[in-house]
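What follows is a single structure, written as structure tokens, with notes after it.
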Amino acid sequence: MSKRTARHRAEKGGAKTGCWPLARSRGGRNTKIHALADARGRLIAILLTGSEAHDCPAAERLIRRAKAAKRMLGDKAYDSAELRLWLEGRGTKPVIPNHSNRKQSFSFNKRVYKERRRIENAFSRLKDFRRIATRYDRLARNFLASVCLAAALVWWI
């Protein structure tokens, strides 16, 4: 990058805005949408991370945004002993299946775990919006705004 281009970007506020671009991979721009839903499948908290980030660190940040629930349903990506301990300390029962290579397995209620389809349906409804499914936005703040707007249109209006 030339000095002129860097100075031009700094003048426009590109380097100072704090809006990071979406993660890049060989397939294009990628990001993960982490969401917390209520019992009816409505999204109540949304968080974006880069596509290379693991799910567990984002889960704790996301769950803190809502009041403590009776149960937290998650998929195998959220299977970690630290997250389980943190949830139990908060008074929430984790309903998370074990990884296949876990040495100490935890029990979980399979009947309750079937209710996780509601969050999957919520993501399916979000991806009905072309802008979210194709991720045209270059900045994360714009993409997050689109996701929040779509969630509000689908569930709250």
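The values are calculated or read from the model by the stated rules, or taken from the named source; none is laboratory data. What you are looking at is a predicted structure, and each value in this text was computed from that prediction instead of being measured. Cβ placement follows ideal geometry from the backbone for every residue including glycine, while neighbour counts extend to all protein chains displayed. The area values use the complete protein model at the heavy-atom level, side chains included, leaving out ligands, DNA and RNA. Shrake-Rupley method; radii C 1.70, N 1.55, O 1.52, S 1.80 Å.
To the nearest 0.05, how large is the calculated FRET efficiency for ALA45 and ASN101 if R₀ is 35 Å and r is the Cβ-Cβ distance?
So, using R0 = 35 Å, E works out to roughly 0.70.
Once you sort the root eigenvalues of the Cα gyration tensor of the range 31-124 as a ≥ b ≥ c, which label holds: rounded (a/c under 1.5), prolate (a/b larger than b/c) or oblate (the other case)?
It comes out rounded by the Cα gyration axes.
Quick check: with the 1.4 Å probe, what order do TRP156, TRP86 take by accessible area, largest first?
Sorted descending by solvent-accessible area, the residues read TRP156, TRP86.
Viscosity 1.567 mPa s, temperature 4 °C: give me the Stokes-Einstein translational D for the range 75-157 in µm²/s, with Rh taken as the Kirkwood radius over C-alpha pairs.
Approximately 84 µm²/s, per Stokes-Einstein.
Test of understanding: what is the full-extension gain from THR92 to LYS110, defined as 0.36 nm times their sequence separation minus their Cα-Cα distance?
4.8 nm
Please arrange HIS54, HIS34 by accessible surface area, largest first, computed with a 1.4 Å probe and ligands excluded.
Order by accessible area, largest first: HIS54, HIS34.
For the full complex of protein chains and a 1.4 angstrom probe, list PHE108, PHE143 by accessible area with the highest value first.
Descending order: PHE108, PHE143.
Keeping all protein chains in position, work out how much accessible area SER124 exposes to a 1.4 Å probe, and write it in Å² to the nearest 10.
70 Å²
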